[in-house]
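Encoded as structure tokens, the structure appears first; notes follow it.
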Amino acid sequence: MHLRTAKPSHYMGGVHNTMIYVLLPAYNEESALEPLIKKIEAVMREMRSAYRIVVVNDGSRDNTDQILADLVARYAIDVIRHKYNRGLGETARNGFEHIAEVASPSDIIVRMDCDDTHDPRYIPAMVAKLKEGYEVVIASRYAPGGGQIGVDWYRRLISRIANLLMKTVFPIRGVWEYTSGFRAYRASLIQDAITIFGNRFIDLKGMGFTGTVEKIIKCKMMGAHVAEVGFVLRYDKKLSSSKVVTSITTLGYFMLIAKYGLYWGDLGRKWMLDIEERKRRVYGSDGRLLESPAILPIETYPQNSLF
């Protein structure tokens, strides 16, 4: 694994402000990368927010690596490079682990797809929701204002069934979208998750897109406060071929149910103890998230110190 990085801009005037890290797993995304990076930068400028983009290039065989080399010189981008394709689960895990190591607990991590189907214009609403006291905010097709364009009836049906199944087995109040990878997390939650679960934070790495659901299950296990904001999935704008293997991902969902429906063995008991300790540390007696460290108001950042 190789890391290529541009000059960081994490600390401003000696005072740490909330940084938004945007995590982009990439595999053969030569057509989508630059347009998406430009959109992300435009949104961050509108928010007047400090940001870094972390791209995990998962063994792409097209010109993704060459395009990233050019983009690093122009944008606030870190690149983690896999020599060989390892799949979405391991790619996302490596990205989260890297960000967890360099981020402050008060920072924000936004995970997006790299194929231009997730519009960065939803990020401000997701960040605003985090500031209400949530730890995870999901960009949801099933929340008010949400929807999907360009998705055929078969994929719509399979996705809906999968989400209803997860909702039944792993109910989270107010959440209907378990399979969307477009989410915003408090960095402190991801840091705690990696501390508790270690290398098993995303465990079913070879099971297609299963890791996307596994992360939200782990967040539920930790007692995280989760919310949704509506977003429209623009599959009609997808600029690369689909990487989803429906049969493998479906099998992975049933493996998640078997694996996390109950806590199993000594490892499960250790997770329970660690999670209970975190709950005592993070939540007040009323169950609400203790606002320390708090997400700083975006609008207070000096505009000339962001980039």
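Every number here is computed from the coordinates shown, using simple stated rules; none is lab data. Model, not experiment: these values are computed from the prediction. Positions of Cβ are backbone-derived with ideal geometry, glycine not excepted, and every protein chain shown enters the neighbour counts.
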Alpha carbon centroid spacing (whole Å) that separates the range 252-286 from the range 73-101: 26 Å
Whole-number D in µm²/s for the range 2-278 (Stokes-Einstein; Kirkwood sum over Cα pairs; 10 °C, 1.306 mPa s): 84 µm²/s
Greater than 29 Å apart at Cα, pairs in Lys83/Lys279; Lys129/Lys167; Lys129/Lys220; Lys237/Lys259; Lys131/Lys270; Lys39/Lys220: Lys83/Lys279; Lys237/Lys259; Lys131/Lys270; Lys39/Lys220
Charge dipole of the range 2-278 about the Cα centre (unit charges at C-beta), most positive-ward option of Phe231, Leu251, Trp153: Trp153
Amide H contacts under 5 Å for Asp62, placed H, 5+ residues apart: Asn28
Average Cα contact separation per residue, the range 2-278, under 8 Å, 6 or more apart, as relative contact order %: 22 percent
Residues Ile123, Ile217, Ile158, sorted so that the one with the fewest Cβ neighbours within 10 Å comes first: Ile158, Ile217, Ile123
